[in-house]
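**Q** Provided herewith is a single structure, encoded as structure tokens, for subsequent inquiry.
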Amino acid sequence: MAKAKAAEKQAPSKKNGKAMHAAVAAGAAKSALSRVSPLSQDPHAVRDTREKVLEVAIGHEVRAFRKKLGITVADLASATDISLGMLSKIENGITSPSLTTLQALSRALGVPVTAFFRRFEEERNAVFVKSGEGVDVERRGTRAGHQYTLLGHIGSDTSGVTVEPYLITLSEDSDVFPTFQHDGMEFLYMLEGEVVYRHSNNLYRMTPGDSLFFDADAPHGPEELTRLPIKYLSIISYPRGRGSD
């Protein structure tokens, strides 16, 4: 009897096991973050205001279409009979190409002439949502006390990526939690409460100020609602044309 009690005392509880698992996962995430290479893009950079100039906008599109095809400036020059020097000036927005030149470029790049004016003409959209005015949506496995509020959506932009920002509120406990799995990447930012969140085989104990960024193709979702109510931001991004749950 005494041996059984001693063994029971030494055996870690299920809750402690989860906490240890969460701590190990958090340590692994911190180690991975320390190995991240420097940003390749300056988040505070300002684009050249000359982009509003037609020549610069055309040059940007010509370069983008050429790179998309994986050809060099020399290849494009050979296909269009336009000199390397002239192509360089066009791509850098230094000169205004004639309609004949644009037609030659459109044929070589396989795009309509109008495609070169896209950046000059296209509007940049923004969505402003007042507090409490987000759209409540249902996702697979939604239960009472689990609220998903879509904070904005832009249907068309130049990035080729769809982004869905949600405010998730969990106000009632549940014995069964939904597990999500979808295309793209997801970013969570904890605002209120405490939750143990599962991603694949790892558990992360999240409190206000914590964040989690992951490949959403792996099964993920709340594993344990530790302290209610719980609120966190969920920002999902995926290639346009492929949706999330």
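The values are calculated or read from the model by the stated rules, or taken from the named source; none is laboratory data. Please read these numbers as outputs of a predicted model, since none were measured by experiment. Note that we place each Cβ from the backbone using ideal geometry, even for glycine, and neighbour counts take in every protein chain shown. All accessible areas refer to the heavy atoms of the entire protein, side chains included, with ligands and DNA or RNA removed. Shrake-Rupley method; radii C 1.70, N 1.55, O 1.52, S 1.80 Å.
**Q** Answer with yes or no whether Val137 is at pLDDT below 95, within 30 Å of Val53 (Cα to Cα) and open to solvent by less than 80 Å² (accessible area, probe 1.4 Å). Show your work before the answer.
**A** On the way: at pLDDT below 95: yes; within 30 Å of Val53 (Cα to Cα): no; open to solvent by less than 80 Å² (accessible area, probe 1.4 Å): yes.
The answer is no for Val137.
**Q** A follow-up question, please. Just to be sure, is Phe177 of a type in the set (Phe, Trp, Tyr), at pLDDT below 90 and either more than 18 Å from Gly152 (Cα to Cα) or in contact with a Cys (Cβ under 9 Å, 6 or more places away or on another chain) (or both)? Reasoning before the result, please.
**A** Working: of a type in the set (Phe, Trp, Tyr): yes; at pLDDT below 90: yes; either more than 18 Å from Gly152 (Cα to Cα) or in contact with a Cys (Cβ under 9 Å, 6 or more places away or on another chain) (or both): yes.
For Phe177, the condition - of a type in the set (Phe, Trp, Tyr), at pLDDT below 90 and either more than 18 Å from Gly152 (Cα to Cα) or in contact with a Cys (Cβ under 9 Å, 6 or more places away or on another chain) (or both) - is met.
**Q** Say we look at region 112-133 and pick out the residues that are open to solvent by 90 Å² or more (accessible area, probe 1.4 Å) and aromatic (Phe, Trp, Tyr); which of these is nearest to His153 (Cα to Cα)?
**A** Ranking the qualifying residues of region 112-133, first place goes to Phe128.
**Q** Right, something else. One residue is enough: does region 231-238 have a residue meeting the conditions within 15 Å of Ile168 (Cα to Cα) and free of Cβ contacts under 8 Å to residues at least 60 places away in the same chain?
**A** No, region 231-238 contains no residue that is within 15 Å of Ile168 (Cα to Cα) and free of Cβ contacts under 8 Å to residues at least 60 places away in the same chain.
**Q** Right, next: How many residues does region 188-204 contain that are touching a Lys or Arg at 6+ places or on another chain (Cβ under 7 Å) and open to solvent by 40 Å² or more (accessible area, probe 1.4 Å)?
**A** Going through region 188-204 one residue at a time, the tally reaches 2.
**Q** Can you pull out the residues in region 84-111 that are in contact with a helix residue (DSSP H, G or I) (Cβ under 9 Å, 6 or more places away or on another chain), open to solvent by 70 Å² or more (accessible area, probe 1.4 Å) and over 17 Å from His60 (Cβ atoms)?
**A** Leu84, Leu99, Gln103, Arg107
**Q** Which one is modelled with the lowest pLDDT among residues in region 225-242 that are surrounded by 13 or more Cβ atoms within 10 Å (Cβ to Cβ) and small (Gly, Ala, Ser)?
**A** This residue is Ser237.
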